[in-house]
Amino acid sequence: MYLSFFGLSERPFSLAPDPRFFFLGASHQEALAQIEERRGLVVLTGDTGTGKTSMLLALRERLGPVAVTHVFNTSLSFDGMVEFMLEDLGIAKLEESPAVRLAALSGFLSEREQAGQSTTLIIDEAQNLDVPTLAQLGALANLDGGAPGQRLQILLVGSPELEARLEHPALQNLSAAIGARCRLRPLDAHEVERYIRGRLQRAGARDADLFSRREIRRITRYSGGIPRVINTLCDHALLFGYADHKGRIDRHIVKHAIAYLNEGAHAPRMSVAVDDPAALEPTSSNRTRQILKIAGVALAGALLGFALTVLGGGG
């Protein structure tokens, strides 16, 4: 496996979200600052792979004495979410009416407020929530009638489609109650370089310059600054560098990794012409291909895992 070959203690470009590797791009810093201000109802959006999950994991470690409940199942009704919150926060489950459950939640929030503590509700994939549930969440944000976020902060996290959903005429009150709208953007060229070198250092690399600036620019153009695509491409590049016994990742290795992601395991070695920057830019002509590329990350990771197993078995 390539870890010992490159002097790494762990995989620097794993797709599994890990707060230790969380990178603060400019838009991530802005979003964290808004959330930490506890503005009540906050909307956080970003394209697939821009780091929403990683940021939420890092946020949980930074919140301090805050009770956090994280809802992933957006098929739940509003009453189902309240019941989930009661169970997740350790409040005795009440086989009572929805009104009684809300009263129990309100009492819990009041006790934490008196103790100088607060509560945060995170709802992931919120673009999948129906309009009635979103409207009721707006009422939940104002459950105490006090200052926004004083007792309960709600984070609605999702794809950019969430913003469109919030424009529904029935959600005017909810939109008016939103304290901050944050959008995670792809990393720019300078951030990509810091991102790659930072992850290598975190993984114990003796040489954080395994990727030259020229190849990092190539990776930036291909990935469009999307961290998930950067990770997949860099992970493949390290594997191919190990297979070729190359101590540095050169343009031939990066071109091979790009060919592999574009064409799969049957891609010819270093046969893709990527020297033309226009071929790598995420322009409108290849935007569909970029989306398919991101969607194929999981499959590429599975193929990579198989390749690592075979190579590892060979010593």
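Listed by position, the helices (runs of 4 or more DSSP H) enclosed by the range 1-94 that each have at least 1 residues that are closer than 19 Å to N128 by Cβ and modelled with pLDDT of 90 or more are 52-62, 78-88.
Kindly provide the set of residues from the range 35-53 that are out of contact with any Cys (no Cβ under 9 Å at 6 or more places or on another chain) and touching a residue at least 40 places away in the same chain (Cβ under 8 Å), ordered by number. Within the range 35-53, E37, R38, R39, G40, L41, D47, T48, G49, T50, G51, K52, T53 qualify.
Within the range 223-238, the set of residues being of a type in the set (A, V, I, L, M) and part of a helix (DSSP H, G or I) comprises V229, I230, L233, A237, L238. Only residues that are under 15 Å from L137 (Cα atoms), in contact with a Pro (Cβ under 8 Å, 6 or more places away or on another chain) and surrounded by fewer than 16 Cβ atoms within 10 Å (Cβ to Cβ) were counted across the range 40-90, and they come to 1. For the range 159-175, does any single residue satisfy the condition of being assigned by TED's automatic domain parsing to the domain that holds P65, buried (at least 16 other Cβ atoms within 10 Å of the Cβ), part of a loop (DSSP other than H, G, I, E, B) and touching an Asp or Glu at 6+ places or on another chain (Cβ under 8 Å)? Scanning the range 159-175, I find at least one residue that is assigned by TED's automatic domain parsing to the domain that holds P65, buried (at least 16 other Cβ atoms within 10 Å of the Cβ), part of a loop (DSSP other than H, G, I, E, B) and touching an Asp or Glu at 6+ places or on another chain (Cβ under 8 Å), so the answer is yes.
None of A180, A135, A208 is of a type in the set (A, V, I, L, M, F, W, C) and part of a helix (DSSP H, G or I) except A135.
Only one entry of I196, I230, I226 meets the criterion of being buried (at least 21 other Cβ atoms within 10 Å of the Cβ), in contact with a strand residue (DSSP E or B) (Cβ under 9 Å, 6 or more places away or on another chain) and closer than 22 Å to M55 by Cα, and that entry is I196.
Sort out which residues of the range 95-132 are touching a Phe, Trp or Tyr at 6+ places or on another chain (Cβ under 9 Å) and either part of a helix (DSSP H, G or I) or outside the structural domain of H168 (by TED's automatic domain parsing) (or both), and write them in order of number. Listed by number, the residues that qualify are P98, P132.
The values are calculated or read from the model by the stated rules, or taken from the named source; none is laboratory data. Quick caveat, the model's predicted, so the values are computed rather than measured. In this analysis, Cβ positions are derived from the backbone assuming ideal geometry, glycine residues included, and neighbour counts consider all displayed protein chains.
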